[in-house]
1. Say we join alpha carbon atoms closer than 10 Å with springs in a Gaussian network model of chain A; which of A:D111, A:D41, A:D141 then has the biggest fluctuation?
2. Any idea what angle helix A:18-32 forms with the longest principal axis of chain A, computed on alpha-carbon atoms, 0 to 90 degrees, nearest 10?
3. Could you compute the net charge surrounding B:R42? Neighbours are other residues with a C-beta less than 11 Å from the C-beta of B:R42; K and R count +1, D and E count -1.
4. GNM on chain A, C-alpha springs below 10 Å: top fluctuator among A:L108, A:L118, A:L23?
5. What is the dipole size for chain A, taken about its Cα centre, with +1 at each Lys and Arg Cβ and -1 at each Asp and Glu Cβ, in debye to the nearest 20?
6. Roughly what % of DSSP beta bridges within region A:20-168 run antiparallel, to the nearest 5?
7. Of B:L76, B:H95, B:A27, which is farthest towards the positive pole of region B:14-104's charge dipole, taken about the Cα centre with +1 and -1 on the beta-carbons of Lys, Arg and Asp, Glu respectively?
8. For the peptides A:55-66, B:67-78, what is the packing order when you average, over each peptide's residues, the other Cβ atoms within 10 Å and list the highest mean first?
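Nothing in this text is a laboratory measurement; each read-out follows from the coordinates by a stated rule. It should be emphasised that the depicted structure is a prediction, and the values quoted were computed from it without experimental measurement. Don't worry about glycine lacking a Cβ; one is built from the backbone with ideal geometry, like all the others, and counts go over all protein chains shown.
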Amino acid sequence: MEDMTSADGPGRDAPVSVEEEALLGRSARLLASEDPEGFIDVSARVRSTVRATTRRSRPVHAVFPEDTGTVVPEEDTLVVREWVVVGELREAVGALEGVTPTQITVTLDGDVCTGAALHVTATFGAVLAEAATRVRRTVLDTLEDLLGPAAFDASTAPVDVTIDDVLP
Amino acid sequence: MVVTTSSRPRARASAQDRRDDVALARAAALGDRRAFEEIVTRHGPSLTRYAQRAVSDRGEAEDLVQEALVAAWRSLDRFDGRSALRTWLFGILAHKIASARRRRSAVPVEDERLDRPVEDGPGDPVRHASDTELRAALEAALRTLPERQRSVWVLVEVEGLSQPEVAEVLRTTPDAVRGQLFRARRSLVEEMRQWRT
């Protein structure tokens with residue numbers, strides 16, 4: 001513990017009085033109530049930077065859709081970053097009633113997606129087994145839509161769902 | 001009569017605020033930019049207030065807040081929810097401020113003395129002082145504090161962090177925070193003594 005005495009002069013180690021306390025309290029409330037100048041500008045810059053900032057993320061192999069009527073040369077490649085895949089899964093699972101995703105991990109073998117693991121919270125009253133089944137189905141459908149059936153085999157890919165909590 | 005405890009925190013986060021923060025942080029960690037923008041809206045003003053008192057240059061303070069928030073966005077997947085989100089954010093900002101101080105050469109503390117109110121004015125000078133004048137006096141008094149004391153006082157008294165939370169932000173011990181807070185309060189009172197009746 002630090003020494004709270006001081007050689008700065010008499011009174012430096014005395015506690016503050018009620019009157020002094022009131023002055024400090026009023027001063028602190030004044031500062032706390034202010035909207036800091038410049039924050040609007042900071043906020044705009046942060047939003048702009050965040051929109052342009054990608055996180056470190058692994059590449060995930062995908063295939064071009066076949067039903068667009070356009071012939072795609074075999075050597076052309078389509079790559080989706082892992083965090084885009086996670087974002088799509090978050091949107092899809094988050095749209096389900098009664099569950100909220102809290103962690104999403106995409107399983108990769110090299111750059112091939114082989115499955116996913118999700119942690120979710122469920123709303124109190126939800127039938128947990130049913131909720132987990134809906135999550136699993138949604139994950140498989142989303143990955144197949146996003147990556148293409150040739151890049152993701154929904155019939156064999158494991159999806160691990162963990163329900164971490166049931167919330168009101 | 002004297003009191004020895006700290007004055008009440010101004011903005012103690014409620015349990016609901018904390019739960020909302022955790023939900024926003026989780027969503028943002030999964031790439032939800034709107035959730036992160038909500039975090040910026042919730043905590044950005046506090047971070048900016050703190051930074052503006054931790055460094056003397058307003059533009060530098062704003063840059064540091066921006067750096068801290070962008071760093072938070074990049075590393076939200078490492079936020080484990082054991083600390084309050086705002087404690088975690090203040091910790092990132094405090095680290096940025098400390099790094100900035102190390103990078104630049106020492107800048108002498110502005111030794112601006114507060115403009116004393118008229119001593120022979122009528123009535124209770126505290127009661128009649130305008131908020132603007134009091135705020136200017138406080139800002140001047142704050143500038144006379146060592147940076148650690150100033151940070152501790154602002155985080156506890158203005159932003160409402162608990163002493164253990166401040167210890168976590170500044171990477172020190174709660175006892176050290178308590179000592180710094182005591183000295184900061186005593187010094188501020190001394191600097192602002194003309195405002196007392």
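1. Of the options given, A:D41 has the highest mean-square fluctuation.
2. It is inclined by approximately 30 degrees.
3. Neighbour charge sum, excluding B:R42 itself: -4.
4. Largest GNM mean-square fluctuation: A:L23.
5. Values: 14 positive and 30 negative charges, 28 e Å.
The dipole of chain A has a size of about 140 debye.
6. Numbers: 14 of 22 bridges.
Antiparallel: roughly 65 percent of the beta bridges in region A:20-168.
7. Farthest along the dipole direction, towards plus: B:H95.
8. On the way: A:55-66: 15.5, B:67-78: 18.7.
Final packing ranking: B:67-78, A:55-66.
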